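Taking it in order: structure first as structure tokens, then the write-up.
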Amino acid sequence: MRLRWLAFYPLLFAVAFVALALLLKGDLTALTHLVMGQKIVSRVLALAGCLWAVSVFKRGDELRWAWGWLAVNTALVLTRDVLMASSLPPAGTLTWLTPGLVVASNVVLPIGIWILVRSWKHAALDMMGKSSWAVTLGVVLLALVVGGPAVLEYGRALLAIDDGGLLVGNGEALPHFVSAVADTLCFCLLGQLLLAAIELRGGLLFWPWALLTACLFSWMLFDVSSALEESLHFQGPPLHEVFRGLAENLLCAAGVAQALVIRQVQRIGS
């Protein structure tokens with residue numbers, strides 16, 4: 001079974017998005033629709049990939065739970081995007097819904113990544129030795145550099161205290177704070193995914209882990225490009241949206257790879 005083609009599909013998707021964004025550069029309305037359309041399409045694909053991965057595992061299997069949490073995360077964010085695209089929720093009692101979906105999605109995401117790392121840690125990393133600690137530490141430091149400033153910024157806004165000692169924080173900062181914390185936690189686990197992929201290289205199981213690693217790395221690039229575009233007033237195609245789409249499609253590819261590998265193992269064992 002050749003799974004290399006799964007690594008090319010997210011890149012082709014990203015290239016197509018950049019090409020369309022360049023064509024629509026002068027039309028802000030059309031570009032806005034393109035960005036929203038990419039979000040929804042790529043997340044639908046990511047959800048489909050995660051659900052397929054869930055379907056190949058038996059009830060109670062740790063990896064079934066891991067892919068299930070990733071599917072829940074994707075479904076929550078997809079719901080938020082659909083609501084935003086359709087100008088919902090309306091003003092009033094549902095104004096809490098979209099930030100609530102953001103908070104919930106960012107709570108479950110690190111859980112899914114953590115279960116993935118835990119379920120394969122001993123099998124994939126026992127032979128890595130001291131080099132695993134160096135890689136893990138390096139990635140954790142990088143994660144703190146990328147995600148730490150946002151955690152501090154939104155944490156200060158959320159937990160601001162006036163001169164009288166009263167909490168006067170901005171509640172609207174809560175979704176951003178939770179998202180920044182979740183991103184940082186996931187980035188810290190990136191090293192473990194990378195080491196698992198390295199240990200599994202040469203076999204079919206390499207592909208799900210390699211694609212998941214690339215997915216998290218793309219989210220890291222999303223955060224970096226978002227900050228740079230804002231500070232540098234970048235006028236080209238929205239790079240952060242390129243990396244967002246790339247990350248979602250890599251998640252889809254990882255889920256498909258996981259499902260195909262497990263299906264093949266089950267056929268061989270039957």
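Each value in this text was obtained by applying a stated rule to the coordinates, not by laboratory testing. Predicted, not measured: the structure shown is a model, and the values here were computed from it. Heads up, the Cβs are rebuilt from the backbone with ideal geometry, glycines too, and the neighbour counts pull from every protein chain shown.
Some observations on this one:
- For the range 1-118, the Kirkwood hydrodynamic radius from C-alpha pairs, put into Stokes-Einstein at 10 °C and a viscosity of 1.306 mPa s, yields a diffusion coefficient of 98 µm² per second.
- Checking every one of the trypsin sites (Lys or Arg not before Pro) in the range 40-85 against DSSP loop status and a limit of 12 other Cβ atoms within 10 Å picks out Lys58, Arg59.
- Using a Förster distance of 22 Å, the FRET efficiency for Glu153-Met36 (Cβ separation, nearest 0.05): 0.25
- Each 5 Å bin from 0 upward holds the following percent of the Cα-Cα pairs of the range 5-269: 1, 6, 11, 16, 18, 17, 14, 9, 5, 3, 1, 0, 0, 0.
- Taking every alpha-carbon pair under 8 Å whose residues sit at least 6 apart, the range 5-269 reaches a relative contact order of 28 percent.
- Straightening the chain between Leu144 and Met84 buys 18.6 nm, computed as 0.36 nm per residue apart minus the Cα-Cα spacing.
- Acute angle (nearest 10 degrees) that the helix 5-23 long axis makes with the longest principal axis of the chain, alpha-carbon atoms: 30 degrees
- Legend: ranking of residues Asp81, Asp61 from fewest to most surrounding C-beta atoms inside 10 Å; resulting order Asp61, Asp81.
- Pairwise label distance in nanometres, Trp133 with Trp96, each label 7 Å out on the Cα-Cβ vector: 4.7 nm
- For the chain, the mean residue ellipticity at 222 nm estimated from helices alone is -27500 deg cm²/dmol, where every DSSP H run of n ≥ 4 contributes -39500 (n - 2.57) and the total is divided by all residues, rounded to the nearest 500.
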